[in-house]
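Participant: Submitted below is the structure of interest, expressed as structure tokens.
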């Protein structure tokens, strides 16, 4: 699993690096120059967290402030659905 942050602020890559350092962000941040093209629209609320499958398809999203527990619950739910689906295919 990889976490990638996306800043919707119009800041330079240098400013983004400074913010990452200032706030102690420990996950990868996507460069803002050039602005990335993402497989989903601008979120209605920030922060926004997206769960993508290995092919880059949007699987789920969480809007608003999250905790480790809410993210772990989302991942566990999808893991259980995946396992149930694979067990039914056998």
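What follows is calculated from the coordinates using simple rules that are stated; it is not laboratory data. This one's a predicted model, so the numbers in the text were calculated from it and none came from an experiment. Positions of Cβ are generated from backbone atoms using ideal geometry, with glycine treated the same way; all protein chains shown enter the neighbour counts.
Participant: Enter the angle in degrees (range 0 to 90, nearest 10) between the Cα long axis of helix 68-89 and the first principal axis of the Cα atoms of the chain, meaning the one along which they spread out most.
Facilitator: Once rounded, the angle reads 40 degrees.
Participant: How compact is the chain by the rule of thumb for globular proteins, expressed as Cα Rg over 2.2 N^0.38 Å?
Facilitator: Details: Rg = 15.5 Å, N = 90, 2.2 N^0.38 = 12.2 Å.
Output field value: 1.27.
Participant: If you don't mind, there's one more thing I want to ask. Give me the distance in nm between label points sitting 7 Å out from Cα along the Cα-to-Cβ direction at residue 40 and residue 73, one decimal.
Facilitator: The two pseudo-label positions are separated by 1.8 nm.
Participant: Against the globular-protein guess of 2.2 N^0.38 Å, express the Cα radius of gyration of the stretch 42-81 as a ratio, rounded to two decimals.
Facilitator: 1.18
Participant: Compute the label zone of residue 65 within the stretch 10-50: residues whose backbone N is under 11 Å from the point 7 Å along Cα-to-Cβ.
Facilitator: 47
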